[in-house]
Amino acid sequence: MTTLATVFEKARAENRAALVGYLPAGFPTIDGAIAAATAMVEAGCDVIEIGLPYSDPLMDGPTIQDAVHRALENGTRIADVMRTVEGVAKSGAATLVMTYWNPIDRYGAERFARDLADAGGVGTITPDLTPEEAGPWREASASAGIDTVFLVAPSSTEERIAIVTECCTGFVYAASLMGVTGARESVGAAAAGLVERTRPHAKVPVCVGLGVGTGAQAAEVAAYADGVIVGSAFIRRLLDAPNEQEGLRAVRELAAELAEGVRR
Amino acid sequence: MSISEGTLITPADFTGAGSGGDVSERGKFGVFGGRYVPEALIPALDEVAAEYEKARTDLAFIREFDHLLRTYAGRPTTITEVPRFAEQAGGARMLLKREDLTHTGAHKINNVLGQALLTKRLGKSRVIAETGAGQHGVATATAAALMGLECVIYMGAVDCERQALNVARMKLLGARVVPVTNGSQTLKDAINEAFRDWVTNVDSTHYLFGTVAGPYPFPGIVRDFARIIGVEARRQVLELTGKLPDAVCAAVGGGSNAIGIMHVFIEDEGVQLHGYEAGGRGAETGEHALTLTQGSIGVLHGSRTYVLQDDEGQTIESHSISAGLDYPGVGPEHAWLKDSGRATYHGITDAEAMDAFALLARTEGIIPAIESSHALAGALKLGRDLGPDATILVNLSGRGDKDMGTAMKYFNL
């Protein structure tokens, strides 16, 4: 199993940022997601975030909403998410689950952490779990030996950045802009400043996500962040592909472009 | 400057966003409430909470709110005794708090006027809101027009169709209405979309939340602004009958009209508090909005509360003939009132609500909102249980003009 610490150590040794790719479990199908994520790893992703499809994704833009809706229509369950993690972890990438809090809450924090660790997962990103409410999840994760990643945003005050980074193991997720997920023309101008404000508080690497979708943007972000997170742009490739083979080819191509970007 | 004799509200009527229940930390009602939102929104929520804490003890703010309630919203609203309706309730004495007589036709105006004033204090120029039945959207659009604020309303596409008249009203009032076409296309999806807008435009925008749900500080703020309903009603019932009512009844969707009338009575131990949820086609059919009576504890829209969810925490779509009660979550203070046993919650089916809707119209010449009809139907049952000596106060939270399309279909009018 590849840990986040190993990934960032390796990237640092190569004097580059790590590449983090996101895909929801069950999209386009359960096996299709495993195949696509594996292709992303083969073409250069160091870390994969497997999204746990949730009925009310209030931080996500239309692309991820669409994919997640399809995953739920496909009947994707938490057991499928775990199976996806297991499949993707075999590819050698450090594999996390990105999920809203309620599915974990309902499943049981300890049980979820244990099952994720058993599946070869290395941690979670929980975008709507604030530090004030995160106590039980941090405990369960620590017991299971998995990392907890939380988000800081351009609106975060120094005080909030300190509180959030204190809870982060693995890495800190810096949201590049004020908004929902989705590729954009340009990465938020606030991102570099946010990373700079976060560094003094963070004991772990700082990665930037939201709005990154091209090799050029990846290169731009890699200049100041330890990792570059890309989600919607991969999903867009799969949504636009006429068939599964073409979809795999397209995500592979994008991963290669981004991997080149983080090495510039 | 002081609050003069005879004003509707005093600083004591604003209990504070962090109050309620056995508060162990801010925004918590026992284990319920809290904040489950993207970190990006925390500063905005903190800003709203801090500004509200200043406003609620600021006599200038309270006077302005009081002035608007009197001269614009049409407060105080009266209470009306309904003996012919009460004949069907075992002869119990039945009093209706007439929120249907407020400007825009529902209790929602109280909260929006308060929050629109708060928006101005926050220095923001744009408000967004979600709406189910359209009443909160109309109320928000009204307050925005009054105060010169830009206004965008998110409304499920299904609800837009059910409540076409209210869509037209909002547009006429200058609001932009955005139909939400994802998910179940109802209130919960409108809330998701409003949150997405807020996180994108938070510098210029206040999310004028319409019910006592959502992350701290919304449940407390909305309750405080809706509390005028109970403050007036308690006084009015005492004046009319010389004693407190035996029971208070209200419909519960998100729960703002219910908490608005119930909250002042919480300390009055002899007063029973009853909330009525939408039973839809019946609890056994799975097509209902029985969040408190059939749901389980979870997190939805930023708050820990009772939720209609499956075994893996996916939200289950609710159903009700009334768009305003068609919501799979509920305010955290109601969750606490339920678990503490202080309030009791029941289900009322679509059919029971529509019977009460027609009965009040025919016996008293008052056409209630279908939402409020759930409380009326509950009061009919409760009256038979409590007997003829009981006095029951019912929150008639809105009028039924907006529901005539539904009524025409339902009754073949």
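For residues in the range A:201-211 being outside any loop (DSSP other than H, G, I, E, B) and of a type in the set (Val, Ile, Thr), which is farthest from residue B:199 (Cα to Cα)?
A:206
Which members of the range A:147-200 meet the condition of being at the interface with another protein chain (Cβ under 7 Å from one of its Cβ atoms) and not in a loop (DSSP other than H, G, I, E, B)?
A:151, A:152, A:160, A:164, A:175
Of all residues in the range B:120-134, count the ones that are buried (at least 24 other Cβ atoms within 10 Å of the Cβ) and not in a strand (DSSP E or B).
Narrowing the range B:120-134 to residues buried (at least 24 other Cβ atoms within 10 Å of the Cβ): B:127-134.
Keeping just the survivors that are not in a strand (DSSP E or B) gives B:132-134.
Counting residues in the range B:120-134 that are buried (at least 24 other Cβ atoms within 10 Å of the Cβ) and not in a strand (DSSP E or B) gives 3.
Give the range B:119-157 a look and list any residue that's farther than 16 Å from residue B:197 by Cβ and at pLDDT below 95, or say none. Let's see the steps before the verdict.
Going residue by residue through the range B:119-157, those that are farther than 16 Å from residue B:197 by Cβ are B:120-123, B:132-135, B:138-139, B:142-143, B:145-148, B:157.
Across the range B:119-157, the qualifying residues are B:132, B:133, B:134, B:135, B:157.
Would you confirm, using the coordinates I've provided, whether residue B:404 is within 22 Å of the chain's Cα centre (by Cα) and over 25 Å from residue B:259 (Cα atoms)?
Details: within 22 Å of the chain's Cα centre (by Cα): yes; over 25 Å from residue B:259 (Cα atoms): yes.
For residue B:404, the condition - within 22 Å of the chain's Cα centre (by Cα) and over 25 Å from residue B:259 (Cα atoms) - is met.
Within the range B:198-213, is even one residue in a helix (DSSP H, G or I) and either closer than 30 Å to residue B:93 by Cα or of a type in the set (Lys, Arg) (or both)?
In the first step, residues of the range B:198-213 are kept if they are in a helix (DSSP H, G or I); the result is B:198-201.
Now drop any that are not either closer than 30 Å to residue B:93 by Cα or of a type in the set (Lys, Arg) (or both), which leaves none.
No, that holds for no residue.
When you scan the range B:334-345, do you find a residue that is of a type outside the set (A, V, I, L, M, F, W, C) and within 17 Å of residue B:134 (Cβ to Cβ), even just one?
Taking the range B:334-345 as the starting set, the residues that turn out to be of a type outside the set (A, V, I, L, M, F, W, C) are B:334, B:338-342, B:344-345.
From what is left, the residues that are within 17 Å of residue B:134 (Cβ to Cβ) are none.
No - not one qualifying residue is present in the range B:334-345.
Among the residues in the range B:66-78, are any more than 14 Å from every other protein chain (Cβ to nearest Cβ), in contact (Cβ under 8 Å) with a residue 12 or more places away in the chain, out of contact with any Lys or Arg (no Cβ under 7 Å at 6 or more places or on another chain) and among the basic types (Lys, Arg)?
Keep residues of the range B:66-78 that are more than 14 Å from every other protein chain (Cβ to nearest Cβ), which gives B:66-78.
When the remaining residues are screened for being in contact (Cβ under 8 Å) with a residue 12 or more places away in the chain, the result is B:66, B:68-70, B:72-78.
Restricting the remaining residues to those that are out of contact with any Lys or Arg (no Cβ under 7 Å at 6 or more places or on another chain) gives B:66, B:68, B:70, B:72-76.
Filter again for among the basic types (Lys, Arg), leaving B:70, B:75.
Checked the range B:66-78: at least one residue is more than 14 Å from every other protein chain (Cβ to nearest Cβ), in contact (Cβ under 8 Å) with a residue 12 or more places away in the chain, out of contact with any Lys or Arg (no Cβ under 7 Å at 6 or more places or on another chain) and among the basic types (Lys, Arg).
Got a number for residues in the range A:117-142 being outside any helix (DSSP H, G or I) and farther than 17 Å from residue A:153 by Cβ? Spell out the reasoning first.
We begin by selecting, within the range A:117-142, every residue outside any helix (DSSP H, G or I); these are A:119-130, A:134.
Narrowing the set further to residues that are farther than 17 Å from residue A:153 by Cβ leaves A:119-124.
The number of residues fulfilling the criteria is 6.
Can you find a residue that is surrounded by fewer than 24 Cβ atoms within 10 Å (Cβ to Cβ), polar (S, T, N, Q), in the same structural domain as residue B:371 (by TED's automatic domain parsing) and assigned to a strand (DSSP E or B) anywhere in the range B:228-237?
No, there is no match, as no residue in the range B:228-237 is surrounded by fewer than 24 Cβ atoms within 10 Å (Cβ to Cβ), polar (S, T, N, Q), in the same structural domain as residue B:371 (by TED's automatic domain parsing) and assigned to a strand (DSSP E or B).
Every residue in the range B:66-119 that is in a helix (DSSP H, G or I) and among the aliphatic types (A, V, I, L, M), please.
Taking the range B:66-119 first, the residues in a helix (DSSP H, G or I) are B:66-71, B:83-89, B:99-101, B:108-119.
Of everything in the range B:66-119, those that are in a helix (DSSP H, G or I) and among the aliphatic types (A, V, I, L, M) turn out to be B:68, B:69, B:86, B:89, B:101, B:109, B:112, B:113, B:116, B:117, B:118.
For the range B:50-65, what are the residues that are over 20 Å from the mean Cα position of the chain (by Cα) and in a helix (DSSP H, G or I)?
Result: B:50, B:51, B:53, B:54, B:55, B:59, B:60, B:61, B:62, B:63, B:64.
Could you tell me how many of the residues in the range A:78-110 are of a type outside the set (A, V, I, L, M, F, W, C) and away from every other protein chain (no Cβ under 14 Å)? First the steps, then the outcome.
Within the range A:78-110, the first condition is being of a type outside the set (A, V, I, L, M, F, W, C), and the residues that meet it are A:80, A:83-84, A:86-87, A:90-92, A:95, A:99-100, A:102-103, A:105-108, A:110.
When the remaining residues are screened for being away from every other protein chain (no Cβ under 14 Å), the result is A:83-84, A:86-87, A:90-92, A:95, A:110.
Residues in the range A:78-110 being of a type outside the set (A, V, I, L, M, F, W, C) and away from every other protein chain (no Cβ under 14 Å): 9 in total.
Condition first: touching a helix residue (DSSP H, G or I) at 6+ places or on another chain (Cβ under 8 Å) and either over 25 Å from residue B:81 (Cα atoms) or free of Cβ contacts under 8 Å to residues at least 12 places away in the same chain (or both). Now tell me which residues in the range B:339-361 satisfy that.
Of everything in the range B:339-361, nothing turns out to be touching a helix residue (DSSP H, G or I) at 6+ places or on another chain (Cβ under 8 Å) and either over 25 Å from residue B:81 (Cα atoms) or free of Cβ contacts under 8 Å to residues at least 12 places away in the same chain (or both).
Quick check, is residue B:36 in a loop (DSSP other than H, G, I, E, B), among the hydroxyl-bearing types (Ser, Thr, Tyr) and closer than 26 Å to residue B:334 by Cα?
Numbers: in a loop (DSSP other than H, G, I, E, B): yes; among the hydroxyl-bearing types (Ser, Thr, Tyr): yes; closer than 26 Å to residue B:334 by Cα: yes.
For residue B:36, the condition - in a loop (DSSP other than H, G, I, E, B), among the hydroxyl-bearing types (Ser, Thr, Tyr) and closer than 26 Å to residue B:334 by Cα - is met.
The values are calculated or read from the model by the stated rules, or taken from the named source; none is laboratory data. Small disclaimer: the values here were computed from a predicted structure and weren't measured. Reconstructed Cβ throughout: ideal geometry from the backbone, glycine too, with neighbour counts over all protein chains shown.
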